[in-house]
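Reviewing the structure listed below.
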Amino acid sequence: MKNILILSIILLFNGFAINSLAGKSNQSKQSEIKVMIDLSPNQPVKKLFPLTILSINGKSVVNKQHVMWLKPGKYQLKFLANVDLNYLNRNNKIIQSKINLRKWHDGLDLEVEANNVYHLAFDASARKVEDWKPVVLKVVSKHEPK
């Protein structure tokens, strides 16, 4: 009888330990989720150009890929725009001089949520060069199968 009681206590304790470990692994799995940020939508005809990430929340980043992965949260991103000048009005010298003077270190505040893919681009479609900026083209929801 005494052995059964001790065995019951051990099994009960192991059950609590396993449940607490399972909860921790689910929490760590949630914190490991990363969201894809696509910086490559190159649509020069629409004057939407790729971006190169320079910094995330003020910290310099070296990313030579067209995709980056972020954990869900709020971010302040700084970019360098990869504008193809061949798609802009070549005859307008004023626009070309503004393009040369402009600093291409534009920023974007982005809140990243799990199970989404964010497509970003540099929008150079406005008539004024000063109005060109990085934009979120679209957000595609990727739901995990249950």
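Values as computed for the structure displayed
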| item | result |
| --- | --- |
| Selected residue [at pLDDT below 50 and not aliphatic (A, V, I, L, M)] from 27, 43 | 27 |
| Residues (touching a strand residue (DSSP E or B) at 6+ places or on another chain (Cβ under 9 Å) and farther than 19 Å from residue 123 by Cβ) located in segment 52-61 | 55, 56, 57, 58, 60, 61 |
| Meets criteria (outside any loop (DSSP other than H, G, I, E, B) and either modelled with pLDDT under 80 or of a type outside the set (A, V, I, L, M) (or both)) for residue 65 | no |
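The values are calculated or read from the model by the stated rules, or taken from the named source; none is laboratory data. This one's a predicted model, so the numbers in the text were calculated from it and none came from an experiment. Every residue, glycine among them, receives a Cβ derived from its backbone with ideal geometry; neighbour counts consider all protein chains shown.
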